[in-house]
Ligand code: OOB
């Protein structure tokens, strides 16, 4: 069993098993099951139009798993996976599970700062990357990683491997492999983060398989489903809600889009007759406009899932008339809990709420600042526990003590109210995080990077309202001597290996920060100030 994670208490685990939530099967079985049931059906299509049957994908995963074992990778070894939306990701993901290794999923946008940290915390022994993606050479990052974290023995490269191991060469005759314990950790997901450093989320075979199965049922996935992966495959939403894994479990076809742009995505929807896809609100907004200029037949699309940040009621109402498909709002988190509007919900709930919990076993509480339940319908912080919500981050006991209640509820940091139907409306956030169109930025993490600049005495990062992204990032600085300009700060943070989506969109220099009565930086006041300034600039026709 992997150490450093927090399992469910025995009696709770026994109940989840007895009630059928946990089926006691390894996560990779969902591919094997379909390969046995319908070997010739198409499982996967990439952007170039290369097609994999279930039998081919299954066999390839077996051969790659055997190749990984031959390299010495297996038995609970953590392997950082940073691959874009390509078949290499899908093959490697299943191969790692079969080899008994634990994939640690990171986004293609992550850079040295995030990857080094993830490698240190996870104790990863391998790192899988593309050669060059989006103009960035991941082999350079791999070299820096190997210097910084010597436990990383292997670098596996999709494409030109240079001095490293080509992923394509990891191939051997399939061998019988030990079956993992379904109650053990299958993979580690990255959290959006509210503290100085990103946290890792352990997901077990049992819990993730249930997450996928229940999601696929709720979203009506079956063998006629053609799912377009638009968000990064490594994101929980696109991977398992129901996503890529839910589609494969249902015997449908997964289509991989290299980017979420209307050019790429619309062309694939038309070519592959895609029936369902999942996007974040800024992409939904872009698509709603793009139908004006992109000539493509989107008539196959039946369901558009939108989540990651709050979708406004106005664009939500435009989805059916403009795109001709059903909207589903999804309020989820890599930590577990998923809320979906149901396919047969009345339109006011689909447009005006962020859905209701997926599972009858999801327990939710809405509490005030003192931790007391609010009156029904009032707004408070959402706490949750259930059969697919973590009980603790990986190797983070101090943080866990603050983030979980004594009786195992996860403090989501989201402010919600619950309607009599059980649907949740997300009203805001109690956590120190910016949600930039679905991309999560920990204010503290970014502040720590900014504080390393010699021209910065103090830093406070806040969200500022934005029509497309929901919010963008504003960094308030108190200078030490000469304050860096926005451009200088961006260059400095990039040099430190901070992912581009975390870079501040705006920098404001002040003499001192407003303080609360207890002397903390008053971020609410800073947020109000920047919002007022933005609206004044807008009113001035800027
Ligand atoms: C998804 O997962 P994460 O881990 O990137 O972010 C989780 C956080 C939530 O705690 C909440 O603050 C925010 O993202 N969020 C939403 C939302 N969906 C997520 N806030 C308002 N409205 C929504 N619909 O973002 C995620 C994971 C699985 C499925 C969908 C989204």
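Against the conditions (1) within 25 Å of residue 134 (Cβ to Cβ); (2) more than 21 Å from the chain's Cα centre (by Cα); (3) buried (at least 20 other Cβ atoms within 10 Å of the Cβ), residue 289 satisfies every one except (3). Against the test of being surrounded by fewer than 16 Cβ atoms within 10 Å (Cβ to Cβ) and on the phi > 0 side of the Ramachandran plot, the options 437, 481, 538, 470 yield a single qualifying residue, 481.
Condition first: within 16 Å of the ligand (Cβ to nearest atom) and part of a helix (DSSP H, G or I). Now tell me which residues in segment 321-375 satisfy that. Result: 349, 350, 351, 352.
Among residues of segment 448-462 being without any contact (Cβ under 8 Å) to a residue 40 or more places away in the chain and crowded, with 21+ Cβ neighbours inside 10 Å, the one that is nearest to the ligand (Cβ to nearest atom) is 459.
Residues that are within 16 Å of the ligand (Cβ to nearest atom) and over 18 Å from residue 246 (Cβ atoms) within segment 284-320 comprise 284, 285, 309, 310, 311, 312, 313, 314, 315, 316, 317, 319, listed in sequence order. If you go through segment 222-249 and keep only what is in contact (Cβ under 8 Å) with a residue 40 or more places away in the chain, part of a helix (DSSP H, G or I) and within 11 Å of the ligand (Cβ to nearest atom), you end up with 236, 237, 238, 239.
Got at least one residue in segment 387-403 being at pLDDT 95 or above and in a strand (DSSP E or B)? Checked against the condition, which is being at pLDDT 95 or above and in a strand (DSSP E or B), segment 387-403 yields no hits at all. How many of the residues making up segment 135-150 are buried (at least 20 other Cβ atoms within 10 Å of the Cβ) and under 20 Å from residue 259 (Cβ atoms)? Count: 1. Per the listing 157, 121, 104, the residue uniquely in contact with a strand residue (DSSP E or B) (Cβ under 9 Å, 6 or more places away or on another chain) and within 16 Å of the ligand (Cβ to nearest atom) is 104. Among the residues of segment 257-282, which ones are closer than 24 Å to residue 240 by Cβ and touching a residue at least 60 places away in the same chain (Cβ under 8 Å)? The answer is 257, 258, 264, 268, 272, 280, 281, 282. One residue is enough: does segment 415-436 have a residue meeting the conditions in contact (Cβ under 8 Å) with a residue 12 or more places away in the chain, touching a helix residue (DSSP H, G or I) at 6+ places or on another chain (Cβ under 8 Å), part of a loop (DSSP other than H, G, I, E, B) and closer than 28 Å to residue 507 by Cβ? Yes, segment 415-436 has at least one match.
Does residue 395 satisfy the condition of being within 20 Å of the chain's Cα centre (by Cα), more than 10 Å from the ligand (Cβ to nearest atom) and at positive phi? Considered against the rule, which asks whether it is within 20 Å of the chain's Cα centre (by Cα), more than 10 Å from the ligand (Cβ to nearest atom) and at positive phi, residue 395 comes out as yes. Before we move on, is residue 465 part of a strand (DSSP E or B) and surrounded by fewer than 20 Cβ atoms within 10 Å (Cβ to Cβ)? The answer is yes for residue 465. Restricting 480, 496 to those that are within 28 Å of residue 231 (Cα to Cα) and in contact (Cβ under 8 Å) with a residue 24 or more places away in the chain reduces the list to 496. Taking the stated definitions as given, is residue 252 within 13 Å of the ligand (Cβ to nearest atom) and either modelled with pLDDT of 95 or more or surrounded by fewer than 22 Cβ atoms within 10 Å (Cβ to Cβ) (or both)? Judged against the criteria, residue 252 is not a match.
Just one of the numbered conditions (1) within 12 Å of the ligand (Cβ to nearest atom); (2) under 18 Å from the mean Cα position of the chain (by Cα) is not true of residue 219: (2). Check whether at least one residue in segment 45-60 is in contact with a helix residue (DSSP H, G or I) (Cβ under 6 Å, 6 or more places away or on another chain), surrounded by 21 or more Cβ atoms within 10 Å (Cβ to Cβ) and either part of a helix (DSSP H, G or I) or free of Cβ contacts under 8 Å to residues at least 60 places away in the same chain (or both), and report yes or no. Yes, segment 45-60 contains at least one residue that is in contact with a helix residue (DSSP H, G or I) (Cβ under 6 Å, 6 or more places away or on another chain), surrounded by 21 or more Cβ atoms within 10 Å (Cβ to Cβ) and either part of a helix (DSSP H, G or I) or free of Cβ contacts under 8 Å to residues at least 60 places away in the same chain (or both).
The values are calculated or read from the model by the stated rules, or taken from the named source; none is laboratory data. This is a predicted model, so every value here is computed, not measured. Don't worry about glycine lacking a Cβ; one is built from the backbone with ideal geometry, like all the others, and counts go over all protein chains shown.
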